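Read the structure below first, then the notes.
The values are calculated or read from the model by the stated rules, or taken from the named source; none is laboratory data. Note that the structure is predicted; figures quoted are calculated from it, not measured. All Cβ positions, glycine included, derive from the backbone under ideal geometry; neighbour counts span all protein chains shown. In case anyone asks, the SASA skips ligands and DNA or RNA and just uses the protein heavy atoms, side chains included. Shrake-Rupley method; radii C 1.70, N 1.55, O 1.52, S 1.80 Å.
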Amino acid sequence: MNAISNLLGHILRIIFEFVNNYGLSIIVFTLFVRLLLVPLMVRQIKSQKAMQDIQPKIKEIQEKYKNKPEKQNEELMKIYQEAKINPLAGCLPLLIQMPILIGLFRVLQSPVTYGVFPNEAAFLAADTGFLWIKSISATNNISLALLSGLSAYFMQKMMTTGDEQTENMMKSMTYVMAIMSLVWGYTFQAGLAIYWITSNLFSIAQYQLITSPLKAKLADSK
């Protein structure tokens, strides 16, 4: 994890040298990370579409072998292999973001240690606030907590589909993520809340500009 934190710290330092604003640097850093993940997002959408296409076969196998779990798993794996689908592909963007989130948490806790600033004096000189936020390293900011919770709610809401099998689970996830994001936004440092809010807003814009049109295109090409 130290290697990831050091890498993220140096990337944030380079961005800060160009932007010369600590809060804005975190936003640019977030956009940089999310743009790198766009190809994975496209793979995720294609994988989700492929999973929808084979749902009738999956339900048939589950019903046929409901009392034979080992045989059921064997037949499901055959279906996935034939369709060239990895059932875990949809989790990949989230799995990649988690070490980034943890690494950034450590970087923002100790930006001098991880190379964002050369010394404590340089850090204090840079941490003069951003917009209405008095300090990037401060915690317990209720406005950031609310923005974090609301942005997570709307992001998850967009991802809820009409698929009966996943709709209830996605609805539960919407509220869980919103509550968790609200707590994170309040208890974590302002810089991490800025990252999370920006990431959520990027996801919302991404859905409107890329995800939704791509899903429609894949549906038309069936």
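Which pairs do you get when a residue that is part of a helix (DSSP H, G or I), found in the range 139-155, comes within reach of a residue that is among the polar types (S, T, N, Q), reach meaning Cβ atoms under 7 angstrom, with the pair 6+ apart or on two chains?
The qualifying pairs are Ser148/Ser181; Gly149/Ser181; Ser151/Asn200; Ala152/Ser181; Ala152/Asn200; Tyr153/Thr174; Met155/Asn200; Met155/Ser203.
If you scan the range 115-129, which residues turn out to be surrounded by 13 or more Cβ atoms within 10 Å (Cβ to Cβ) and of a type outside the set (A, V, I, L, M)?
Gly115, Phe117, Phe123, Asp127, Gly129 - these are the residues of the range 115-129 that are surrounded by 13 or more Cβ atoms within 10 Å (Cβ to Cβ) and of a type outside the set (A, V, I, L, M).
If you check Gln189, Gln165, which single one turns out to be modelled with pLDDT of 75 or more and over 14 Å from the mean Cα position of the chain (by Cα)? Lay out the reasoning, then the answer.
Values: Gln165 fails: modelled with pLDDT of 75 or more.
Gln189 is the lone residue from the list that is modelled with pLDDT of 75 or more and over 14 Å from the mean Cα position of the chain (by Cα).
Residue under question is Gly9, and the condition is that it be over 29 Å from Tyr207 (Cβ atoms) and at pLDDT 85 or above; does it hold? Break it down into steps so the answer makes sense when it comes.
Details: over 29 Å from Tyr207 (Cβ atoms): yes; at pLDDT 85 or above: yes.
Yes, satisfied.
Kindly evaluate Ile15 against the criterion of being modelled with pLDDT of 90 or more, open to solvent by less than 70 Å² (accessible area, probe 1.4 Å) and within 20 Å of Phe202 (Cα to Cα). Walk me through it before giving the result.
Working: modelled with pLDDT of 90 or more: yes; open to solvent by less than 70 Å² (accessible area, probe 1.4 Å): yes; within 20 Å of Phe202 (Cα to Cα): yes.
Considered against the rule, which asks whether it is modelled with pLDDT of 90 or more, open to solvent by less than 70 Å² (accessible area, probe 1.4 Å) and within 20 Å of Phe202 (Cα to Cα), Ile15 comes out as yes.
Looking at (1) more than 16 Å from Ile136 (Cβ to Cβ); (2) open to solvent by 30 Å² or more (accessible area, probe 1.4 Å); (3) of a type outside the set (D, E, K, R), which is the one condition that is false for Ile61?
(2)
Could you grab me the full set of residues in the range 64-90 that are open to solvent by 80 Å² or more (accessible area, probe 1.4 Å), at pLDDT 75 or above and of a type in the set (A, V, I, L, M, F, W, C)?
Listed by number, the list holds a single entry, Met77.
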